[in-house]
1. Hey, could you check the range B:136-162 for residues that are of a type in the set (Gly, Ala, Ser) and either surrounded by fewer than 19 Cβ atoms within 10 Å (Cβ to Cβ) or touching an Asp or Glu at 6+ places or on another chain (Cβ under 9 Å) (or both) and say which is nearest to the other protein chains (Cβ to nearest Cβ)?
2. Just checking, does the range B:16-36 include any residue being in a strand (DSSP E or B) and under 17 Å from the mean Cα position of the chain (by Cα)?
3. Looking at the range B:220-251, which of the residues that are among the hydrophobic types (A, V, I, L, M, F, W, C) and surrounded by 10 or more Cβ atoms within 10 Å (Cβ to Cβ) is nearest to residue B:19 (Cα to Cα)?
4. Could you give me the residue pairs with C-beta distances under 6 Å whose first residue belongs to the range B:39-53 and is away from every other protein chain (no Cβ under 14 Å), whose second residue is among the charged types (D, E, K, R) and buried (at least 24 other Cβ atoms within 10 Å of the Cβ) wherever it lies, and which are 6+ apart or on separate chains?
5. Within the range B:163-193, restricting attention to residues that are among the hydroxyl-bearing types (Ser, Thr, Tyr) and closer than 30 Å to residue A:8 by Cβ, which residue is nearest to the other protein chains (Cβ to nearest Cβ)?
6. Scan the range B:102-125 for residues that are charged (D, E, K, R) and closer than 22 Å to residue B:187 by Cα and jot them down.
7. Can you tell me how many residues within the range B:37-63 are in contact with a strand residue (DSSP E or B) (Cβ under 6 Å, 6 or more places away or on another chain) and in a strand (DSSP E or B)?
8. Checking the conditions here, which among A:26, A:20 is in contact with a Lys or Arg (Cβ under 7 Å, 6 or more places away or on another chain), more than 10 Å from every other protein chain (Cβ to nearest Cβ) and not hydroxyl-bearing (Ser, Thr, Tyr)?
Amino acid sequence: MANPLRSKVIQLYKNLIFMGRDYPAGEDLFKERLRQAFRKNMHVSDPNEIRKLIARGNYMARELQALYHVHKYRAMKRRYYNND
Amino acid sequence: MALRVLVGVKRVIDYAVKVRVKPDKSGVVMDGVKHSMNPFCEIALEEAVRLKEKSLASEVIVVSCGPQQCQEVIRTALAIGADRGIHVEVSENDELGPLQVSKILAALVKKEDVGLVLLGKQAIDDDCNQTGQMTAGLLDWSQGTFVSEMTVEGEALKVVREVDGGLETVRLKLPSVITADLRLNEPRYATLPNIMKAKKKKLEVLKIKDLGVDVSPRFQVLSIDEPPQREAGVIVENTEELVEKLKEIGQI
């Protein structure tokens with residue numbers, strides 16, 4: 001049962017690395033934190049636990065998207081609109 | 001309704017990058033600098049994709065004019081939901097301004113039988129805010145600029161425009177050119193799986209001469225300077241000193 005989950009974990013990791021390019025505080029910082037987070041759970045073997053962690057990873061990806069959107073929106077609003 | 005939508009997207013220096021002017025003042029540093037899709041173009045693209053999802057548009061064609069690297073931005077647009085992409089290849093010597101891009105878009109509209117053109121209101125690198133207006137002029141189409149809301153009503157579009165005095169609601173007869181403003185929608189993010197899936201979509205490369213468009217430049221950039229550095233403020237001890245300083249600079 002570990003094998004299909006393994007590919008899901010790798011896919012999650014790749015997705016997050018890809019998203020890290022837009023991280024406002026810096027891509028390198030993001031990559032370091034990401035690697036630490038994955039390394040911390042390296043030895044988890046229970047499939048249910050792994051599924052929960054993957055779900056949390058997907059949740060983090062959605063949170064990142066929201067962060068990027070807000071960051072960009074605020075930057076555009078500050079630059080282009082007369083904010084009294 | 002078989003409405004074909006053309007979305008123009010521009011590859012610009014990423015909004016979060018601190019732009020540096022080249023020492024010879026001929027331009028800004030572009031080599032090795034992160035580029036991405038213009039934020040307003042993202043909003044225009046999102047609107048087009050939503051039209052398609054609501055079955056109000058039959059096809060979304062995304063176009064970008066520029067060097068080879070433009071294809072990255074087109075791929076992102078395909079990942080977000082465009083059906084196919086067109087890359088109008090530009091050589092090192094061609095400098096495309098809004099007029100030239102408008103001519104290219106007008107030629108593509110005729111070639112691809114497009115009924116609606118969606119563009120960002122302006123690019124964050126040159127801030128021209130002209131391409132949409134010029135394209136509408138060249139095609140003799142109705143235009144809605146600074147659009148923050150758009151609804152399709154049969155053969156017309158009802159748009160709400162953000163203007164200085166507030167909001168203006170206009171009904172436009174299709175075909176139209178629309179330029180997107182910040183509050184039109186919240187663009188989706190192109191994730192890695194989407195980008196992988198979009199590799200199957202068609203990306204056509206065209207040369208400007210294939211379209212028979214004259215893109216000779218009409219203006220020349222003389223120099224580019226950094227904005228003046230903000231001067232440090234002066235701290236005063238008391239109100240008397242403040243009044244004195246204000247008198248010194250002739251403000252009172």
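1. So, considering only residues that are of a type in the set (Gly, Ala, Ser) and either surrounded by fewer than 19 Cβ atoms within 10 Å (Cβ to Cβ) or touching an Asp or Glu at 6+ places or on another chain (Cβ under 9 Å) (or both), the one nearest to the other protein chains (Cβ to nearest Cβ) is B:148.
2. yes
3. The selected residue is B:224.
4. From the range B:39-53, no pairs qualify.
5. The selected residue is B:189.
6. Of everything in the range B:102-125, those that are charged (D, E, K, R) and closer than 22 Å to residue B:187 by Cα turn out to be B:121, B:125.
7. Residues in the range B:37-63 being in contact with a strand residue (DSSP E or B) (Cβ under 6 Å, 6 or more places away or on another chain) and in a strand (DSSP E or B): 5 in total.
8. After ruling out the rest, the residue left standing is A:20.
No lab work stands behind these numbers, since they all come straight from the coordinates. Quick caveat: nothing in here was measured; it's all calculated off a predicted structure. Using ideal geometry, Cβ is built from the backbone for each residue, glycine included, and neighbour counts are taken over all protein chains shown.
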